[in-house]
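Colleague: If you scroll down you'll find the structure; I have some questions about it.
The values are calculated or read from the model by the stated rules, or taken from the named source; none is laboratory data. The shown structure was predicted, so the numbers you read here are calculated from the model rather than taken from an experiment. Cβ sites come from the backbone with ideal geometry, for glycine too, and all protein chains shown count toward neighbours. Please note that ligands, DNA and RNA were not included when accessible areas were found on the heavy atoms of the full protein model with its side chains. Shrake-Rupley method; radii C 1.70, N 1.55, O 1.52, S 1.80 Å.
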Amino acid sequence: MPKVKLYGHIARYSSPELTVASRNVRELLEDLCKLSGSRLGELILDSQGKLREFIRIYVNQTDIRYLAGLETELSSDDVVTIMPALAGG
Amino acid sequence: MRFHLECRECSTPYLPQKVAICENCLAPLDVVYENVKIEKSELELREKNMWRYFELLPISSKKSIVNLGTGFTPLLKAEKISESLGVSLYLKNDTVNPTLSFKDRPAGVAVSKAVEFGDKAVCCVSTGNLAASVAAHASKAGIEAYVITPQNIEREKFTQIAAYSAHVIAVKGTYDDANRLAALASLELGWNVVNITSRPYYVEGSKTIAYEICEQLAWNVPDFVVVPCASGALLRSIHRGFKEFYEAGLIYSLPRLVGAQAAGCAPLVKAFYRGTTEIEPVKEPDTVAKSIAIGDPADGKYAIRSVLETDGCMEEADDREIVEAIRLLASKEGVFAEPAGGVTVAVTKKLVELGFIEKGSSVACCITGNGIKAQELVLEGFSPPVIEPDIKELARAVSGEVEELHAKS
Ligand SMILES: Cc1ncc(COP(=O)(O)O)c(C=O)c1O
Ligand SMILES: [Zn+2]
C-alpha cells in the first residue's frame, strides 16, 4: 500500500507517516481526513476541493502538478510526500 | 523590538524568531518595522555600503553584522545604449559586489541573522550565486556553510564556492528538485537553509538596491526599474524598498517595475500574459540563464502583483537576445554581466521597441551578476591569433584593422 509522509505544520494534525489503501491522490486525502480529522483536510484542500496554494504534494520525487494532479494514480510502493510549499530561490 | 513578523496573507503577527511560514495558512511571513525614522541628511553621511540602512534591516544588534562591504554599487549611465534606444538607461551594477552578484545583499542579512540566532552552520539552496555569497559570509562569520545546488550550474560558480571552503552538495535534477530537498532538510533536520528557514530576513537585504537607486539619483526615481526574476523575491523586495522610502517621505513617486525572464524558463511572463497570478510551473527549464532558471517560483504571485500595482509588466528574452545583450553591455558600456544581467537589457530593448517604455523615459536595469561567473557563453567562437613575440608578426596580426592603433606620429 502507498506510504504517506507529512511534514511541518501539516503533520500536527496527523501522524507523520502512515500507510493507506488509496488508489489516487484525491482518495488518499479523503482517507487521511477520515483518519485524522477535518482540520487536516481544510489545511490541504479549499472548499472547492482544490489543492491549496501553499501545499505541495509529491509522488515519489515528482510534484503532482507534473503528473495528473489530484487524480494521479498510486501504486503500492509509491511514497507520497505532503509538505508546505517552502519558498526558495 | 524594532520589528516583528507578519503573515503575508492573513496578517497573523509572529515574534521575530526563526520561522518562515504562517502556522494557520502556511503563507510566507514578512518583516514589519515599527516607527522607522530616517533623515536624508544623516543618511548621506554614513558608510557607503548596504549597512547604512540598518534601521530598515531585520538585525537587532549592529554587533551581529557580517560585513564584506556589500552594496552602494555604482549606478552607471549607459551613454551609448541610451542614445541608440532613445531613453536614459542606468545600470545598477551589482556585478561588483564582494562575490560578484546582488546575492551578497540577502546573504549578508541572512548570515548576520544566523549569527544573531547563534547558529554554528548555515545552509542554502542555490543556482550558484547565493551559494558563493553564503559561503563567503560564513567564512567571514567563522561558521560552516553547506550549499545545495543543481548539478548543472556553471563550473565558474563551483570554483568560487570551493574557494570559500563551503561544503557543496550537487543534486541530480533541477533547481526545484534541489529546493525540495533543502526544504526537507529544514523541516526534518532543522537546518537553517537561509533562503527557506529564515527567508523573511533573507529577502530584506535585496531592497537596499531600491534605496541606493533613490539616493544615487538625488532622491528621484527612474520611470522604470527592470529586474531579473527567478523566484520573484528580488523584484518584490525592490518594490518594498521603494514603497518604504515613499512612505517615509523620502521620495515622491514609485517607478514602474518590469520583471525580466529567460524565454526558456518564463512562468511569470506566461502567467502575466494570461492575465492571472496563478503560476504554471516549468518542469524542465532550458536556458543559458541558469541562475534564473527556477521553474516553480515561490514568490511568483507576489512579483506579478508588484508589477501590476506599479503599472509595469513582465517580459522575456530568448537565449540569443540574452547573449547579444551581454556583448552589447560589455562592448559599449564596459560592464560584463552574466545572463541574468543580460536579460534585463534585452527586455528593455524589446519594450522600447514595442513602445511600452516610451522614448525619453528613464530606466534602471539591475545588472545582478558578473559575466566572469558564466564564461562559456562569450568564449564561444573566441580564438585569438597566437604569434611569436615578434613585432612583424604583431603588425601582421592586426593588419587592416583599426587605424586608431597606428596614430602615433
Ligand atoms: C544573478 C541573479 N539575478 C537575479 C536572480 C533572481 O532572484 P529571485 O529568485 O529573487 O527572483 C538570481 C537568483 O538566483 C540571480 O542569481
Ligand atoms: Zn497566515
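Colleague: List the residue pairs whose Cβ atoms are under 7 Å apart, where the first residue sits in the stretch A:1-23 and is under 13 Å from A:Cys33 (Cα atoms) and within 14 Å of another protein chain (Cβ to nearest Cβ), the second is open to solvent by 60 Å² or more (accessible area, probe 1.4 Å) and part of a helix (DSSP H, G or I), and the two are 6 or more positions apart or on different chains.
Modeller: Within 7 Å, the pairs are A:Tyr13/A:Arg39.
Yes/no matrix, rows are residues, columns are (1) within 16 Å of ligand 1 (Cβ to nearest atom); (2) among the aromatic types (Phe, Trp, Tyr); (3) surrounded by 13 or more Cβ atoms within 10 Å (Cβ to Cβ):
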position: B:Cys7; (1), (2), (3): no, no, yes
position: B:Ser11; (1), (2), (3): no, no, no
position: B:Asp30; (1), (2), (3): yes, no, yes
position: B:Glu42; (1), (2), (3): no, no, no
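So that you can scan it fast, the table gives a plain yes or no per residue for (1) away from ligand 2 (no atom under 16 Å from the Cβ); (2) buried (at least 22 other Cβ atoms within 10 Å of the Cβ); (3) away from chain A (no Cβ under 14 Å):
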{"site": "B:Pro98", "(1), (2), (3)": "yes, no, yes"}
{"site": "B:Phe102", "(1), (2), (3)": "yes, yes, no"}
{"site": "B:Lys113", "(1), (2), (3)": "yes, yes, yes"}
{"site": "B:Val168", "(1), (2), (3)": "yes, no, yes"}
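Colleague: How many residues does the stretch B:180-211 contain that are within 16 Å of ligand 1 (Cβ to nearest atom) and under 26 Å from B:Ile65 (Cβ atoms)?
Modeller: 18
Colleague: Continuing with the same structure: Provide a single number: the residues in the stretch B:201-238 that are open to solvent by 10 Å² or more (accessible area, probe 1.4 Å), away from chain A (no Cβ under 14 Å) and touching a residue at least 12 places away in the same chain (Cβ under 8 Å).
Modeller: The qualifying residues number 7.
Colleague: Is it true that some residue in the stretch A:17-24 is open to solvent by less than 20 Å² (accessible area, probe 1.4 Å), among the aliphatic types (A, V, I, L, M) and part of a loop (DSSP other than H, G, I, E, B)? Lay out the reasoning, then the answer.
Modeller: The initial filter retains those residues of the stretch A:17-24 that are open to solvent by less than 20 Å² (accessible area, probe 1.4 Å), namely A:20, A:22.
Keeping just the survivors that are among the aliphatic types (A, V, I, L, M) gives A:20.
With part of a loop (DSSP other than H, G, I, E, B) added as a condition, the list becomes A:20.
Yes - at least one qualifying residue is present in the stretch A:17-24.
Colleague: Same structure, new question: Which numbered condition in (1) assigned to a loop (DSSP other than H, G, I, E, B); (2) surrounded by 24 or more Cβ atoms within 10 Å (Cβ to Cβ) is the only one that B:Ile304 fails?
Modeller: Result: B:Ile304 fails condition (1) only.
Colleague: Let me confirm something: among B:Thr174, B:Thr276, which residue is open to solvent by 10 Å² or more (accessible area, probe 1.4 Å), out of contact with any strand residue (DSSP E or B) (no Cβ under 9 Å at 6 or more places or on another chain) and within 13 Å of another protein chain (Cβ to nearest Cβ)?
Modeller: After applying the criteria, what remains is B:Thr276.
Colleague: Consider B:Met1 against the criteria (1) within 14 Å of ligand 2 (Cβ to nearest atom); (2) at pLDDT below 95: it satisfies all of them except one. Which criterion is unmet?
Modeller: Among (1) within 14 Å of ligand 2 (Cβ to nearest atom); (2) at pLDDT below 95, B:Met1 violates only (1).
Colleague: Working carefully through the options B:Lys48, B:Lys18, find the one that is out of contact with any Gly (no Cβ under 6 Å at 6 or more places or on another chain), more than 14 Å from chain A (Cβ to nearest Cβ), in a loop (DSSP other than H, G, I, E, B) and open to solvent by 50 Å² or more (accessible area, probe 1.4 Å).
Modeller: Working: B:Lys18 fails: more than 14 Å from chain A (Cβ to nearest Cβ).
When all the criteria are applied, what remains is B:Lys48.
Colleague: Name the single residue, out of those in the stretch B:115-129 being in contact with a strand residue (DSSP E or B) (Cβ under 8 Å, 6 or more places away or on another chain), within 20 Å of B:Gly190 (Cβ to Cβ) and not hydroxyl-bearing (Ser, Thr, Tyr), that is farthest from ligand 2 (Cβ to nearest atom). Steps first, answer last, please.
Modeller: Step one: of the stretch B:115-129, the residues in contact with a strand residue (DSSP E or B) (Cβ under 8 Å, 6 or more places away or on another chain) are B:120-129.
Now narrow it down to the ones that are within 20 Å of B:Gly190 (Cβ to Cβ): B:120-126.
With the extra rule that they be not hydroxyl-bearing (Ser, Thr, Tyr), the set shrinks to B:120-125.
Values: B:Lys120: 31, B:Ala121: 29, B:Val122: 26, B:Cys123: 25, B:Cys124: 25, B:Val125: 23 Å.
Looking at the filtered set, the residue picked out is B:Lys120.
Colleague: Consider the stretch A:38-70. How many of its residues are assigned to a loop (DSSP other than H, G, I, E, B), closer than 19 Å to A:Pro16 by Cβ and more than 11 Å from chain B (Cβ to nearest Cβ)?
Modeller: Counting residues in the stretch A:38-70 that are assigned to a loop (DSSP other than H, G, I, E, B), closer than 19 Å to A:Pro16 by Cβ and more than 11 Å from chain B (Cβ to nearest Cβ) gives 1.
Colleague: Among the residues in the stretch B:32-44, are any within 14 Å of chain A (Cβ to nearest Cβ) and in a strand (DSSP E or B)? Show your work before the answer.
Modeller: As a first pass, look at the stretch B:32-44 and keep what is within 14 Å of chain A (Cβ to nearest Cβ): none.
The answer is no; no qualifying residue exists.
Colleague: Here's a follow-up. Which numbered condition trips up B:Ser331, out of (1) over 19 Å from B:His239 (Cα atoms); (2) open to solvent by 50 Å² or more (accessible area, probe 1.4 Å); (3) in a loop (DSSP other than H, G, I, E, B)?
Modeller: Status for B:Ser331: all satisfied but (3).
Colleague: Would you check if there is a residue in the stretch B:156-165 being open to solvent by 60 Å² or more (accessible area, probe 1.4 Å) and within 14 Å of chain A (Cβ to nearest Cβ)?
Modeller: No; the residues of the stretch B:156-165 include none that is open to solvent by 60 Å² or more (accessible area, probe 1.4 Å) and within 14 Å of chain A (Cβ to nearest Cβ).
Colleague: Among the residues that make up the stretch B:31-41, is at least one of them under 24 Å from A:Ser47 (Cβ atoms), within 16 Å of ligand 2 (Cβ to nearest atom) and not acidic (Asp, Glu)?
Modeller: Step one: list which residues in the stretch B:31-41 are under 24 Å from A:Ser47 (Cβ atoms), which gives none.
No, every residue in the stretch B:31-41 fails to be under 24 Å from A:Ser47 (Cβ atoms), within 16 Å of ligand 2 (Cβ to nearest atom) and not acidic (Asp, Glu).
Colleague: Can we say B:Leu184 is within 29 Å of A:Asn60 (Cα to Cα), of a type outside the set (Val, Ile, Thr) and at the interface with chain A (Cβ under 10 Å from one of its Cβ atoms)? Break it down into steps so the answer makes sense when it comes.
Modeller: Working: within 29 Å of A:Asn60 (Cα to Cα): yes; of a type outside the set (Val, Ile, Thr): yes; at the interface with chain A (Cβ under 10 Å from one of its Cβ atoms): yes.
The answer is yes for B:Leu184.
Colleague: Let me ask something else. Please work out which one of (1) more than 29 Å from B:Thr174 (Cα to Cα); (2) more than 14 Å from every other protein chain (Cβ to nearest Cβ) is the condition A:Glu73 fails and give its number.
Modeller: (1)
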